[in-house]
Amino acid sequence: MKVKDFAIDEIFDSRGNSTIEAGIAVGNGFAFYASVPAGKSRGSREAAVVSFAEASSAKNLKRLAALKGKDFSNQRSFDEFLIKLDGTENKRMIGGNVMLGLSMAFARAAAASQKKELWESLQKEFFGKAVQKVWKPVIFSNLINGGEHARNDLNIQEYMVLVETRGDMKSAIEKLISFYRDLGEKLGTMKRISNIPIGDEGGYSLDFKNNFEPLAVLSDLVRKDGLSRTFRLGVDAAANGFSSGDAYLFDGKKVTTPKLAGIYEGYCKKAPALFSIEDPFSERDTTGFALLSKKLEGRMIVSDDLTVTNRSLIEEYAGKGLMNGVIIKPNQAGTVTETIEAVQGAHERGIRTIVSHRSGETDDVFIIHLAKAAGAYGVKIGAPTRERIFKFNELLRIA
Ligand code: PGA
Ligand code: ZN
């Protein structure tokens, strides 16, 4: 497929954060677009993010002009060309966010040229027939926001419900939407406020007694609403955000790695529905990940900032038994091909993948297609509100 032209634009998420949209015009005259979320709690080894000013500088546009008139036989060859053009380890010349936007736009163009759904063409190029026919993803929906996503006192960044879809996406999403509403009412009554603030990912964001209280509230409501068989709970501690030297500042106290592991273990005892814990320790604390993985066998220990959608990090840490689930965020990697290589690395080692949105999301639905193409265990898409509704709708349409 011949690339005729490209464009880099600035767009804004619903909170007013600037982010990138990229466009590609191909041989038949059609143009395809993709937008990239900004992200707030980033791992240090993620692909570089550049501002719109840098992305659209004369220098960068000149560099990218090498794309014009080039013919690419598939996604991999397009992405490899971009990687070479950038020439740096962390994509700081062109910008990982710019490269990903172009890479996703190319994937859309390729799908259209084959008259296929995006997920079908990705599956065809990268996954072959290895993926199961029926896809029944678990929805990871962040309903209470803390950490860097909220202006409250919670150290833990995300309190999620994990909704089993079991082949009936419509009823799963309906249950989630009514649970989200019930939760708003319950929190309003409990905390005596009529207008609960909403955090970066659409979850409720208010003060709690401590980091456990949101789990107690969620457990209680799951039981009351009779949803124990469909809903489990998860947290994303995003512990980079509250690590301090070798220790952590948690609930106002300084705690060591073993102490924090003990706290998580206690949470699982008090709230047995708690099934998944993401980034329980900082990205430097591999000892913590190993310790918790041993303590909580049978539950999911998920890495995000630790593995940053990087195939070799995933392989290395999976080999050391640090996690059994991994977050896949395309803009941590910076191209579609590298994102998919990370997924493949995880699946080959029996690690579950959860394809994830970010804070500062746009209405782009690419990740839903990627998750389906890969047959991912889960999709992580925030609360069912605002710009995230587009992702829920797409899930409903293609799952
Ligand atoms: P983000 O992080 O704010 O960088 O999107 C979300 C997450 O940690 O999963
Ligand atoms: Zn995370």
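Measuring with a 1.4 angstrom probe and ignoring ligands and nucleic acids, Arg386 comes out at about 120 Å² accessible. Taking each residue as 0.36 nm, the span from Asn28 to Met190 lengthens on full extension beyond its C-alpha to C-alpha distance by 52.5 nm.
Per-residue ellipticity at 222 nm from helix content only, as computed over the chain with -39500 (n - 2.57) for each DSSP H run of at least four residues, stands at -11500 deg cm²/dmol. Dipole magnitude for the range 3-116: about 180 debye, using +1 per Lys or Arg Cβ and -1 per Asp or Glu Cβ, origin at the Cα centre. Between the range 293-360 and the range 379-399, the alpha-carbon centres lie 21 Å apart.
Taken about its Cα centre, the chain carries a charge dipole of about 660 debye when Lys and Arg each add +1 at the Cβ and Asp and Glu each add -1 at the Cβ. Note on exposure: Lys254, Lys209, Lys372 ranked by accessible area (1.4 Å probe, complete protein assembly) read Lys209, Lys254, Lys372, with the most exposed listed first. Please list log₁₀ I(q)/I(0) at q = 0.09, 0.15, 0.21, 0.24 Å⁻¹ for the range 3-116, using the Debye equation with identical point scatterers on the alpha-carbon positions. Values returned for q = 0.09, 0.15, 0.21, 0.24 Å⁻¹ are -0.22, -0.62, -1.19, -1.47. Here the chain has 49 percent of its accessible surface on carbon and sulfur atoms, given a 1.4 Å probe and all protein chains in place.
Computed from Cα atoms, the angle from the helix 169-191 axis to the main principal axis of the chain rounds to 50 degrees. The dipole here belongs to the range 264-399: it is taken about the Cα centre, uses +1 on the Cβ of Lys and Arg and -1 on the Cβ of Asp and Glu, and is about 500 debye.
For the range 145-222, the relative contact order works out to 40 percent when only alpha carbon pairs closer than 8 Å and six or more residues apart are counted. Sites listed here are GluC sites (Glu not before Pro) in the range 236-323 whose DSSP assignment is loop and whose Cβ has at most 11 other Cβ atoms within 10 Å: Glu297. Think of the chain as having a plus end and a minus end, set by charges on the Cβ of Lys, Arg, Asp and Glu; of Ala239, Ala38, Tyr180, Tyr180 sits farthest toward the positive end of this dipole. Between the C-alpha center of the range 45-62 and that of the range 155-201 there is a gap of 36 Å.
Per-residue surface analysis assigns Trp119 an accessible area of about 50 Å², computed on protein heavy atoms at 1.4 Å probe radius.
A convex hull fitted around the alpha carbon atoms of the chain yields 128 Å³ per residue.
Computed over protein heavy atoms with a 1.4 angstrom probe, the accessible surface ordering of Asp363, Asp279, largest first, is Asp363, Asp279. Comparing mean-square fluctuations of Ala383, Ala66, Ala110 from a GNM of the chain with C-alpha springs under 10 Å, the top value falls on Ala66.
When the Cα positions of Ile8, Ile20, Ala373 are compared along the charge dipole of the chain, Ala373 comes out farthest toward the positive end, with charges on each C-beta of Lys, Arg, Asp and Glu. Rolling a 1.4 Å probe over the heavy atoms of the protein chains gives the range 261-319 an accessible area of 36 Å² per residue.
Extension gain for the segment Glu348 to Asp153, taken as residue separation times 0.36 nm less the Cα-Cα distance, is 66.3 nm to one decimal.
Based on Cα contacts under 8 Å between residues 6+ apart, the chain shows a relative contact order of 20 percent. Angle of helix 336-348 to the longest C-alpha principal axis of the chain, folded into 0 to 90 degrees and rounded to 10: 50°.
Relative to the longest principal axis of the Cα atoms of the chain, the long axis of helix 213-224 makes an angle of roughly 90 degrees.
Summed over the residues of the range 146-196 and divided among them, the accessible surface reaches 50 Å² per residue at a probe radius of 1.4 Å. Largest accessible area first, the listed residues Asp246, Asp207, Asp304 line up as Asp246, Asp207, Asp304 when surface is computed with a 1.4 Å probe on the assembled protein chains.
With just the Cα atoms defining each centre, how far is the range 16-36 from the range 232-270? Give it in Å. Computed from Cα coordinates, the inter-centre distance equals 40 Å.
The values are calculated or read from the model by the stated rules, or taken from the named source; none is laboratory data. What you are looking at is a predicted structure, and each value in this text was computed from that prediction instead of being measured. When we count neighbours, we look across all protein chains shown, and the Cβ atoms used for this are built from the backbone with ideal geometry, even at glycine. Surface areas here come from the heavy atoms of the whole protein model, side chains and all, with no ligands, DNA or RNA. Shrake-Rupley method; radii C 1.70, N 1.55, O 1.52, S 1.80 Å.
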